[in-house]
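Chemist: Submitted below is the structure of interest, expressed as structure tokens.
What follows draws every value from the coordinates through simple rules; no lab data is involved. Please read all numbers here as calculations on a predicted model, not as lab measurements. Here Cβ is always computed from backbone atoms with ideal geometry, including for glycine, and neighbour counts include all displayed protein chains.
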Ligand SMILES: [Zn+2]
């Protein structure tokens, strides 16, 4: 992305796809105010009051906003609908552009940001989806030498490249697929680290098996328990906003990654 | 409902009040704009019935997904058709409960976001109060009044001593009327939604299979429909086991007569006991031909004024939510931005606090 494309102006960022209720106001890449609240799991109750609070405390008028960035999942169906319905209604009513951000991408960035890793890194976000499954994806980052400062990194694309789409997968299958993918690469192309982020405790035993199948040391396979932070919804959102990658409010929808169980049953056994 | 003291609410007698209302408690997404609690400027309903037919009933997750898909489109269309500017709205009302929690949430989040964006007060509204106040879209309600609420999820006799004050005299102890109709319809092999098919078959049948009336204890205004439903299922199974053809019409008529006789008798008794000036019939089952004709005949015979809203206001719709919200609005009773979906919300608890 070119420097002259740097977004100007304030945006509201929100995500309720996981345990954290994440709300922030950003000006460019600068985070003016942020809260990633894990205290209460009732996002539907607190989201609007929290939006009201962050706007007030960052001295931002609704009409000053230049856009809204929202995490569209995947994650809890109900949770994702809370932020998406709020974002699309606000965007429509305030006539603001809205950008859909993958909650997994923002979560991967949230987890990666806190790690001082150098070299080629695979980042694999995990959100538990029960029955041994997780919502997950695959990103690659290259950190040559000194890690870039956060605000530069955020707008220069964070050097995080997507290698696999958001999906719901059995964690054991996914770990095996990743190992195969690793082994198929020329040694010089292989990542130096594999970093699992997000709801890692539930899947730790399964995903750590990748060390053995790839021959990486346990030092090179890392787990970073983290939430989807609003700052990363905002930063990725700013980048998409500057690139004109917006969504029409009416067509903004959650990314469920799968049809409902009822529909799946119907497809299997048509009545 | 969380009550908020709100300086935005200033009821000026004589000035028109426009409430935009949202209803997403089950499988209809609806947005309406109602003037002064009685004049419907626009009432849009996006029905999902075709979708849920394939599943033989409402699938909550499917319903919630569809609400998200169309909610802002309906908001936009409703405002455009009303000819109002968003700023001319006085309040945003939304069904707070009861209903499917995931479905309620979509409407609630949209209503909260809209109220916040436009700086308008929010009014969390009870779904059954909406069904009852659908009557006010047609004519003034005279108090004290008795309401008979019959729908897919509800079967209640409600007493209203004055405007906006609700006392539940009786309710179903198991299945709601609409639910029982759907189950009987399934047993008889009718497609979803089955209520209208049972009604039609009942009205067309020459004879009725005798079925019990469930009155419960002396003086009770409660209902119980599960025993009756089981009796029907037994009859159907017995016929099948004996290899006989199921007398669908006879069973439908027997079932309907049993349900209607008890509903009508209890509603009429409540009117007499409380000296009600009106009986209000409401909810989706008000479409039932057997119930309408029997209740109409009894009310005529006993000189009881009976109100039945037109069908479009009996099935779930947002206009009725706007009508009910108005009685809160004129009393300055509005909600804050903390409301959430209340699947088991109390109707009595939603009663107004003050006289306007
Ligand atoms: Zn209803």
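Chemist: Starting from a Cα-only point model with no solvent, please compute log10 I(q)/I(0) by Debye for the stretch B:40-109 at q = 0.21, 0.26, 0.27 1/Å.
Modeler: Per q value, in the given order, log10 I(q)/I(0) is -1.00, -1.26, -1.30.
Chemist: To the nearest 10 degrees, how steep is helix B:195-204 against the longest Cα principal axis of chain B, on a 0 to 90 scale?
Modeler: It works out to around 40 degrees.
Chemist: In Å and from the alpha-carbon atoms only, list the Rg and Dmax of the protein assembly as shown.
Modeler: Final numbers for Rg and Dmax: 28.3, 93 Å.
Chemist: To the nearest whole number, what is the average tally of beta carbon atoms from other chains within 10 Å of the beta carbons of peptide A:259-266?
Modeler: Average neighbour count from other chains, rounded to a whole number: 5.
Chemist: Using Cα-only point scatterers and the Debye equation, what is log10 of I(q)/I(0) for the stretch B:163-230 at each q in 0.13, 0.17, 0.22 Å⁻¹, rounded to two decimals?
Modeler: Result of the Debye calculation: -0.48, -0.73, -1.00.
Chemist: So, one more: Remind me, relative contact order of the stretch A:148-271 in percent, using alpha carbon pairs under 8 angstrom and six or more residues apart?
Modeler: The value is 27 percent.
Chemist: What order do you get for A:245, B:90 when you list them from fewest to most C-beta neighbours inside 10 Å?
Modeler: If I rank by nearby Cβ atoms, fewest first, I get A:245, B:90.
Chemist: Order of B:306, A:126, B:74 from fewest to most other C-beta atoms within 10 Å?
Modeler: In order of increasing Cβ crowding within 10 Å: B:306, B:74, A:126.
Chemist: Starting at 0 and stepping by 5 Å, how many percent of the alpha carbon pairs of the stretch B:46-201 end up in each bin?
Modeler: Spelled out per bin, shortest first, that is 1, 8, 13, 16, 18, 17, 15, 9, 3, 1, 0.
Chemist: In addition: Find the relative contact order for the stretch B:33-125 and round it to a whole percent, using C-alpha pairs within less than 8 Å whose residues are 6+ positions apart.
Modeler: The normalised contact order for the stretch B:33-125 reaches 28 percent.
Chemist: For a quick check: sort A:85, A:136 by the number of other beta carbons within 10 angstrom, fewest at the front.
Modeler: The most exposed by this proxy come first: A:136, A:85.
Chemist: Something else about it: Over the stretch B:138-256, what is the mean sequence separation of C-alpha contacts under 8 Å (at least six apart), divided by residue count, expressed as relative contact order in percent?
Modeler: 24 percent
Chemist: What FRET efficiency comes out for residue A:118 versus residue A:165 if R0 is 25 angstrom and r is the Cβ-Cβ distance? Round to the nearest 0.05.
Modeler: Approximately 0.40, to the nearest 0.05.
Chemist: Still on this structure: How would you order B:217-226, B:97-106 from highest to lowest mean count of nearby Cβ atoms within 10 Å?
Modeler: In decreasing order of mean packing, B:217-226, B:97-106 become B:97-106, B:217-226.
Chemist: Moving to a separate point now. Using the eigenvalues of the Cα gyration tensor, what equivalent ellipsoid semi-axes result for the stretch B:180-302 when each is taken as the square root of five times the eigenvalue, whole Å, largest first?
Modeler: With the √(5λ) rule applied to the stretch B:180-302, the semi-axes are 28, 15, 12 Å.
Chemist: Then there is this: Given only helices, namely DSSP H runs of n ≥ 4 each adding -39500 (n - 2.57), what is the per-residue ellipticity at 222 nm of chain A, to the nearest 500 deg cm²/dmol?
Modeler: Mean residue ellipticity at 222 nm (helix-derived): -10500 deg cm²/dmol.
Chemist: Angle, helix B:248-273 long axis vs. longest principal axis of chain B, Cα atoms, 0 to 90°, nearest 10?
Modeler: The angle comes out at about 50 degrees.
Chemist: Starting from the exponent 0.38 and prefactor 2.2 Å, build the expected Rg for chain A from its residue count and divide its actual Cα Rg by it.
Modeler: 1.01
Chemist: How long are the semi-axes of the ellipsoid equivalent to the stretch B:10-65, from square roots of 5 times the Cα gyration tensor eigenvalues, in whole Å, largest first?
Modeler: For the stretch B:10-65, the ellipsoid semi-axes come out as 33, 10, 6 Å.
Chemist: Distance in nm between label sites at residue B:51 and residue B:76, each 7 Å beyond Cα in the beta-carbon direction?
Modeler: About 1.8 nm separates the two model spin labels.
Chemist: On to the next question. Per DSSP helix of 4 or more residues, -39500 (n - 2.57); summed, then divided by the residues of chain B. What does that give at 222 nm, rounded to the nearest 500?
Modeler: After summing the helix terms and dividing by the residues of chain B, the value is -13000 deg cm²/dmol.
Chemist: Just to be sure I understand: if I project the alpha-carbon convex hull of chain B onto a plane and average over all orientations, what area do I get in nm²?
Modeler: With the hull built on Cα positions only, its mean projection is 17.7 nm².
Chemist: At 0.36 nm per residue, and after removing the present C-alpha to C-alpha distance, how many nm does the segment from residue B:138 to residue B:302 gain when stretched out fully?
Modeler: 56.8 nm
Chemist: Oh, and also: Using only the alpha-carbon atoms, how far is helix B:101-118 inclined from the longest principal axis of chain B? Give it as 0 to 90 degrees, nearest 10.
Modeler: In chain B, helix B:101-118 runs at an angle near 20 degrees to the longest axis.
Chemist: Follow-up. Partner chain Cβ atoms within 10 Å, averaged over the residues of B:110-120 - can you pull that number for me?
Modeler: 6
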